[in-house]
């Protein structure tokens, strides 16, 4: 079952090329699989590679359609987070996956990135993780910093 492009529509930046849109199959929860199967069975889709979820004109779901369907602008304004962008949710979601222990190479596939370096730019540790990393380093270095008592051995052939 085709679910549409894996990678989001990224605005081209000076540092990277525009994201390629590639179709992929996503593994999803059993609950969602049931919903998707029922939707597929009740639809008039004859091509198994066709998109199951489409925009109002039958094509892919664009960011504008998503914005309008979720009333994004009104919601973030009412919450006092006008600066929040929908793309920020990709960063949040991937960071939460990483915090849950999902390996980076799996996150790269979920995000549809070609490069692990791109995926790593989406991961943002919180201050607790940064503080814990500092404590872990301190604990690791503590035995090294403990002064050692060295017994001085006289050189061979000399006596005091």
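None of the figures in this text is laboratory data; all of them are computed from the coordinates on show. Source: prediction; values computed, not measured. Neighbour counts run over all protein chains shown; Cβ positions are idealised from the backbone, glycine included.
Over segment 85-128, the alpha carbon radius of gyration divided by the compact-protein estimate 2.2 N^0.38 Å works out to 1.06. When 61, 130 are sorted by how many other C-beta atoms sit within 10 angstrom of their C-beta, beginning with the fewest, the order is 130, 61.
The ratio of the alpha-carbon radius of gyration of segment 67-141 to the globular-protein estimate 2.2 N^0.38 Å is 1.42.
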